[in-house]
Structure formats: C-alpha cells, structure tokens
Amino acid sequence: MSARRPGNSNRTLGTAPRASIVVAVLAAAAVLGWWGLRDGDERDPASSPAQTGMRPGGTPQVARAIGQGRLVGWWPEAPAEVAEVAVSTTRGVPNNIHPGDYAGPARCKTCHPKNHASWSGHAHRLMNTVATRETVLGDFSGEAVVRQQGGRATFFATRVGAETAPPDMRWWMQLERDDVRRTYRITQTIGSRFYQYYVGRLVKGPERPGHDFYKTDHVLPFGYWLDARKWVPVVHVHREVPELDREDPFVGAGELKRFAPYAQGCNGCHTTFPLGDMFTREPLRLSRHAPWQLHWNLASYIREQRPGFFDADAKSASTIDEGELQQLGRSLSAMDARDYGVSLGISCEACHLGSRRHAENPKELPRFAPASDHLLAETRVEVIEGGRNHTNLNWACARCHAGSRSEFAAGMGTWNSIEYTDATRGGCYTRLLCIDCHDPHKAIGKQWTRTQAQDEAVCLRCHGDYKDPDVRQRHTHHVSGSRGDGCLNCHMPRINEGLQDVVRTHTIFSPTHPGMIESNHPNACNLCHVAESIDWTVAWLAEWYGLDGSRLSVPGDGDTPLGRLWLLSDDEAVRLVGGDAILNQQAGDVRAIGWSLEELVSSLDDEFLINRQFAAKGIEQSLGVRLEELGYRFYDARRDRAVGLARVRRVLLGKGGSR
C-alpha cells in the first residue's frame, strides 16, 4: 500500500513547515489496512521517524497507519506532529460515537412516534434482521425446489418447543447432488423490498469438522425473489463472472471456495454500529468521502471501549507485532452486530449518531458531526459545526452508499448501492442534499412515486430559467411535458442495474459526453430512440448543442440501430441496459422490435447470469411470454436451458428458430 499525505486539509495550517512535518510523518509511517499484511510478509518499521513508543530493548516503536485517505487509524496513537495541524473533536462538545453514546431506536420512539412508525416500514429497518416468524419472507414450506446443474436445493422450516404459542421456528436450506449433501441453518435475513437473502452456517456437510462454514455466519447461495415468488441464485455477493467461472454450490468436499462471512464483508452497512467501531473496523471505506482529514487513535479507543479485543494488561500496545496487529484486525472485522451493534438494520443513530444525551435531555440536540476523545480532525475551525449542513447530512448517506464498481465511460458505476460516490462524479452534487429527493424516514416502496414535476422542482431551484416552458423547450427541443423534456431523463438516465429494474444513475452528466458515445455506452438520446443509429444521435446533438462530431470515433456503420450494437457489446453492463431500453420502449409490440428480436432472445443465453435474469424478466413483462412454461429458467446451466431456449425461439422467432 503506497505512502501518502493526510489529504486535502480544510484548516488553515498557519505555516508551511507545520504541514511539511505531517507529510513527512505519514510518508514515513507504515501504512496498511487491517488486512494489509499477509502471513509471512515483512516490514521494517524501525526505519520510520514517526515514533510513539518503545520496542523491547529500548528501540523506538513506529506509529503505524491503518488505512489511507481522509481517515487514518493510528496504532497505537497518532504521532505528536499530527496534533500540530489537527484539533480535538470534543473541544466544547461531548463524545457521540462511542457505544455508550447510543440509545437505540426504541428509545427514539418515545418522543418521535410518527418518524419511528414511518421508519418501521422502511427497507433500511429490515436490511438485516434475526430470522424470526415475522422477518422471514421466503417460501420455507418445503415444496419449493431449485434444480440446477444436476443438484437439488430445498427450503423448509421446523418447529422448536411445540408447547409454546406460537412455537419457535428454525429455517433450513439444503443442497444435495449425488452423495453430497449440505444442510444450512438460517440465522439472519438480508433485505425485504425486492429480494431476501439469507445468512447462516453449515450444520451438516462434507467439509471437515471445524471448517469455517460451520463456525461463521455467511451468505448462503440462494435467495428469495419476492415479486416472482421463487428461489434464485444470489448475485453480487462476489464479483459477477461469466458462466464458466461461476461457482457451482453443489460441488464436493474441499471444492467450495467462495465464502462470504457476513460480519466481515456486509454488516458494516446493513446494520447500525457505533461510528467509533466503524472507524476501527473499516477505516478504508469510511475514508472515501470523509469531509475532513481525520486521525483516529486506535489503541486508546479499543482499550477504553472494546477491551475484550485487546488485553492491555498482558500486552503493551507499543510492542504489538505485525502478526498480532493483523489478528486484532481480523477479530474486530468479525464483530457480530447481534452482540456489538446498536441495532440490526439501519436505524436512527446510523445518521443522527449517538443520541443518548438527547434522549435524556431533549434540549440537547444530536450532532451530525463525529466527536470523540480519540478523534482528531484537520479543519479550519476549532469546533466542527454539528448541525444539519450540507457536509454532515450528505456524509451520513456517504458512509454506506459508496464504493467501487465497474464503470461506464463517464465514471459512474454500472450497478447499484454506490449512489453517493456516483453523485460526486457528476455535476450539481456540491449544491444538492441527498434528502432533497429521498426522505430518510419514509419508505420508497417498490416504485419511485414522486412525479416528474416534483423531481424537477429540485433542479429548478438553481436552474430557474427553465421554469418558463418556452425557454425550456428551446433547451430540450422536445414537446413540453414529454419524456424528452425531462431533466432527469437526459441528465440522470436509467443506466444503473438496480435490484430488479434498471434505475437512474446518480451521476448528473450531459448527453453529449464524448466518452459515452465513443465507447458505445448507453446515452440518454438512444435510450428512447433505440432504433436510431449513433450517427443520427450525433447529428442532432451537433445541431442542438454544438457537439463536434468530426472529433468523435463512433461505433457502427452509420445505419445500424444503436440498440442492436448495445445488445452485441462485449460489455455485459451495456448489454443489460440495452435490452432493458428496447423492451421498455416497445412494450407489448413484437413487430416494433422485430429488428432486435433475434438479439433480445439471444440475451436469454448471455454468459452472465444477471443479464439472463434481466432479459427474462423484460421479455416476460413486455412480450407476455411465460418462459418457465416453455422450459426455460435463466439460472440453468447452458446445456440444461438449451431445450427450453429452442422452444422460446420457435415461439418468438418462428418455427425455424430465426427470422
């Protein structure tokens, strides 16, 4: 991991020498993540001038930086030089990110019953729950079966303590093929809006006793698609790969390699932990959009707030070696929210931060800015503003809705959940609040319910000239009130793979973006005009907005519908969005999409499972075909779906299988 400076400080540093001291400290410090060193790796931290303690024998101990970017965790503590440019976050204000600072959502309900009731139906609340009769939504009747690659998966429930009313339940997922059988007990649920995935442990299987599958809660291989009322393979738990590289969940002992421990990879965003714990567990993720350069004293926080993870009596923080530090990181990363979290799911204090003092004294309002005796911040002010300002409110969302994805040419992610990161890559985000469009206390539901006028009222606060329909039409060149006249359809088009629908990107960008055009990536114009060529689009963009088409290297031969080129793209994300755009534009009219029907049907044989799933859903909804009745299932292996796909071709393309 490369060395770096603390980041762009928002504080006036006073003198250049002070700043250079901190740059030198960080450049020389050993920089790593909790997982940054593999067993057997060696470092020589003694060469660093950033010293905070003594090794045995009197050798100075280096300050080790855990993470990088705008949140640096220091072990055992930040060097003295850091304090020269960073201020305490508790100057004049109390701590609000330690475990004891949190009250929990039940306490909030007492004074805020309306918000609590609204939040209770929000997908955030049920993002993660303990498996109970009230929270388990999948079909565990024992009748549902998934047959895949010669294997058979079943899902059932058993009663425990029949004398209780109602009896306690346990839920199970069982996979078997030939003489290999794995039985998982489900302990937790993930999601409640479109899908519900399950977390559990293996209780019986071919793996040796003591294997991690038996000891660690992890994401299980099948989830329940709520709208379709059927079990399907999980996606995006690991990186999505072509069909031949996707793991077979029915393989024999020792062959099951992919493993997704829920605590270590998922629960940081699916549950509510004290923010101090998250600074400690996931500094790299929290650093991405931190508003200030933050310095976190790890050893003192852990000793004070989580002493069970580090025995200060038995081991000095200043003498811990790299292997011990790495093991400590593994233990912290594996913190189970059922034991250490404020709540499962996303609750009030995920955004409002620790509010126990507010619950005890309503006049003491919660602060949205973090404060801890263990946290230093580089800011322009001595006391960080803790109110509802742009910085604090947006960072509440950015702590989870951030990350890395495969990208389109304009920089936005191709699939969902990194909405804030995407927003920072486009225009307008410095003037917008996430809550301008999203009410954090109110559930969105299955579909976006705000009208076009309500959405665009946010845009028109700054772009007021376009309130005049005539001015707006001269800009959009589309009939007033039409889809082409909408701000979002042109500047936030539907090119992001959501959970079961293609949804809007949160990157605000121009339809004239040359990278999107040259890369054959989805552009706003052809999402509506799918049957037109890219030359047609470039010509109109040149006439209306001055795009210099002569400087572009565009795909195609000038006549081919761009929708077809999208379906034939080497990029799986482009294929997915292209098929969705065609089917949505010409829903129910097979003749209108005849030019693309061959490629659309071929999408049912795409090498990516998620593409086949979206294609199957779109074809069923738009063309009224029941694919499973024809023997086609999108999750079948290629050899197994061949017969059903041939029937689909005969129905949609004609007896010969092509048109």
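Worth pointing out:
- Taking the stretch 277-291 as the range and being of a type outside the set (Ser, Thr, Tyr) and either open to solvent by less than 20 Å² (accessible area, probe 1.4 Å) or in a loop (DSSP other than H, G, I, E, B) (or both) as the test, the residues that pass are Asp277, Met278, Phe279, Arg281, Glu282, Pro283, Leu286, Arg288, His289, Ala290, Pro291.
- Condition broken by Arg357, with the remaining ones in (1) part of a loop (DSSP other than H, G, I, E, B); (2) out of contact with any Phe, Trp or Tyr (no Cβ under 9 Å at 6 or more places or on another chain); (3) open to solvent by 50 Å² or more (accessible area, probe 1.4 Å); (4) not hydroxyl-bearing (Ser, Thr, Tyr) satisfied: (1)
- Residue list for the stretch 254-276, filter: assigned to a loop (DSSP other than H, G, I, E, B) and in contact with a Gly (Cβ under 8 Å, 6 or more places away or on another chain): Phe273, Pro274
- Within the stretch 170-189, not a single residue is more than 15 Å from Leu499 (Cα to Cα), open to solvent by 50 Å² or more (accessible area, probe 1.4 Å) and aliphatic (A, V, I, L, M).
- Residues in the stretch 621-637 that are modelled with pLDDT of 95 or more, closer than 22 Å to Val577 by Cα and either open to solvent by 60 Å² or more (accessible area, probe 1.4 Å) or not in a loop (DSSP other than H, G, I, E, B) (or both): Arg626, Leu627, Arg633.
- Among the residues examined, Asp465 qualifies as part of a helix (DSSP H, G or I) and either over 30 Å from Ser120 (Cα atoms) or open to solvent by 60 Å² or more (accessible area, probe 1.4 Å) (or both).
- Glu599 vs. criteria within 20 Å of Ala531 (Cβ to Cβ) and either crowded, with 16+ Cβ neighbours inside 10 Å or in contact (Cβ under 8 Å) with a residue 40 or more places away in the chain (or both): yes
- Any hit, the stretch 421-432, residues being at pLDDT 95 or above, open to solvent by 40 Å² or more (accessible area, probe 1.4 Å) and among the acidic types (Asp, Glu): no
- Every residue from the stretch 146-162 that is basic (Lys, Arg) and in contact with a Leu (Cβ under 9 Å, 6 or more places away or on another chain): Arg152
- Leu433 fulfils the conditions (1) without any contact (Cβ under 8 Å) to a residue 12 or more places away in the chain; (2) under 18 Å from His506 (Cβ atoms) except for a single criterion, (1).
- The stretch 122-148 - residue that is assigned to a loop (DSSP other than H, G, I, E, B) and under 12 Å from Gly345 (Cβ atoms) and, of those, most open to solvent (accessible area, probe 1.4 Å): Arg125
- Selection count, the stretch 514-543, where residues are in a loop (DSSP other than H, G, I, E, B), touching a residue at least 40 places away in the same chain (Cβ under 8 Å) and buried (at least 21 other Cβ atoms within 10 Å of the Cβ): 4
- Residue match in the stretch 621-637 (condition: among the hydrophobic types (A, V, I, L, M, F, W, C) and more than 24 Å from Val145 (Cβ to Cβ)): yes
- Residue tally, condition surrounded by fewer than 20 Cβ atoms within 10 Å (Cβ to Cβ) and in a strand (DSSP E or B), over the stretch 330-354: 0
- Counting residues in the stretch 376-392 that are under 22 Å from Pro283 (Cβ atoms), in contact with a strand residue (DSSP E or B) (Cβ under 6 Å, 6 or more places away or on another chain), in a helix (DSSP H, G or I) and open to solvent by 20 Å² or more (accessible area, probe 1.4 Å) gives zero.
- Residue satisfying all of: in the stretch 577-617; at pLDDT 95 or above and small (Gly, Ala, Ser); nearest to Val145 (Cα to Cα) among these: Ala616
The values are calculated or read from the model by the stated rules, or taken from the named source; none is laboratory data. What you see is a predicted model, and the numbers here were worked out from it, not measured in a lab. Every residue, glycine as well, gets a Cβ built from its backbone with ideal geometry; the counts of neighbours run over all protein chains shown. Remember, those area values only see protein heavy atoms, side chains included, never the ligands or the DNA or RNA. Shrake-Rupley method; radii C 1.70, N 1.55, O 1.52, S 1.80 Å.
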